[in-house]
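No lab work stands behind these numbers, since they all come straight from the coordinates. These numbers come from a predicted model, not from an experiment. Reconstructed Cβ throughout: ideal geometry from the backbone, glycine too, with neighbour counts over all protein chains shown.
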Amino acid sequence: MNKQSFVLGVLFIAIVAFTGSASADANVDYIISPDTLMLNSKAPYFAVEIMNTSSEYDIRDIDPDSVNLLIDTPQGSTNLGTLTSVKPNPEINQEYDKLVLMYYRDELYSGQVDGMSVLEYLADASSSGTGQVDFEITGKLYDGTPFKGDAFTVDLLQNQRGGDKGGGPKK
């Protein structure tokens with residue numbers, strides 16, 4: 001092995017060791033909607049909206065079936081997996097240039113985190129914690145390039161009226 005091959009090999013190993021891979025994930029900008037989860041709400045859906053704000057990707061290149069939702073806990077991130085999309089063909093909002101993925105709340109809430117259901121975890125965070133929780137997303141573009149979205153904080157509230165429409169006390 002010549003010196004040049006050796007140096008290139010060491011450099012490649014260093015890149016993989018310090019970054020986890022030889023290529024970087026694309027970073028996506030997104031929101032979870034609504035950004036306040038009313039835990040007793042009867043609304044059946046929530047959305048992940050991925051914005052087209054980067055030259056690293058185009059929202060039309062995102063494989064919607066690859067999107068995973070993660071919840072951040074004090075022990076680290078828990079991957080809740082790929083949720084079932086409400087719409088088989090996700091909506092691209094042309095006006096705001098964003099990909100809108102709709103999911104079932106019940107499926108989110110029935111996932112498991114730290115030995116309890118996600119709903120129990122969120123209710124506990126709502127009543128005894130900060131009233132907020134961070135979510136992240138990961139996935140792939142159609143060409144196989146991985147992407148991730150940094151933590152997005154969602155506020156948590158229990159409806160005052162016990163699961164009726166809207167929040168707050170009756171007047």
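Taking the number of Cβ atoms within 10 Å of each Cβ as an exposure proxy, the fewest-first ranking of 116, 38 is 116, 38.
Excluding residue 142 itself, calculate the net charge of residues whose Cβ lies under 13 Å from the Cβ of residue 142, where each Lys or Arg counts +1 and each Asp or Glu counts -1.
Once all neighbours under 13 Å are counted, the net charge is -3.
Would you be so kind as to identify which of 135, 149, 121 lies farthest towards the positive end of the dipole of region 121-162, taking Lys and Arg as +1 and Asp and Glu as -1 on Cβ and the Cα centre as origin? Farthest towards the positive pole: 121.
Potential lengthening of the chain between residue 91 and residue 55 amounts to 10.9 nm, from the contour at 0.36 nm per residue minus the alpha-carbon distance.
Here the residues 95, 120, ranked from fewest to most Cβ neighbours within 10 Å of their Cβ, fall in the order 95, 120.
Close amide H contacts of residue 147 (hydrogens built in the peptide plane, cut-off under 5 Å, sequence separation of 5 or more or a different chain): 26, 139, 140, 141. Report, by chain and number, residues whose modeled amide H sits under 5 Å from the one on residue 45, excluding near sequence neighbours (fewer than 5 apart, same chain). Result for residue 45 returns 105. Projected over every direction and averaged, the convex hull enclosing the alpha-carbon atoms of region 23-157 yields 8.3 nm². Within the shell of other residues whose beta carbon sits under 14 angstrom from the beta carbon of residue 119, the net charge comes to -3, with Lys and Arg scored +1 and Asp and Glu -1.
Computed from backbone phi with θ = phi - 60° and the Karplus coefficients 6.51, -1.76 and 1.60, the 3J(HN,Hα) list for region 28-43 is 10, 9, 8, 9, 9, 10, x, 7, 10, 8, 7, 5, 9, 4, 8, 4 Hz; x is used for glycine and proline. Placing +1 on the Cβ of every Lys and Arg and -1 on the Cβ of every Asp and Glu, with nothing else charged, gives region 23-157 a dipole about its Cα centre of roughly 340 debye. Coupling constants for region 107-119 follow from the phi torsions by the Karplus curve (6.51 cos²θ - 1.76 cosθ + 1.60, θ = phi - 60°), and in residue order they are 5, 4, 5, 8, x, 10, 8, 6, x, 9, 5, 4, 4 Hz; glycine and proline get x.
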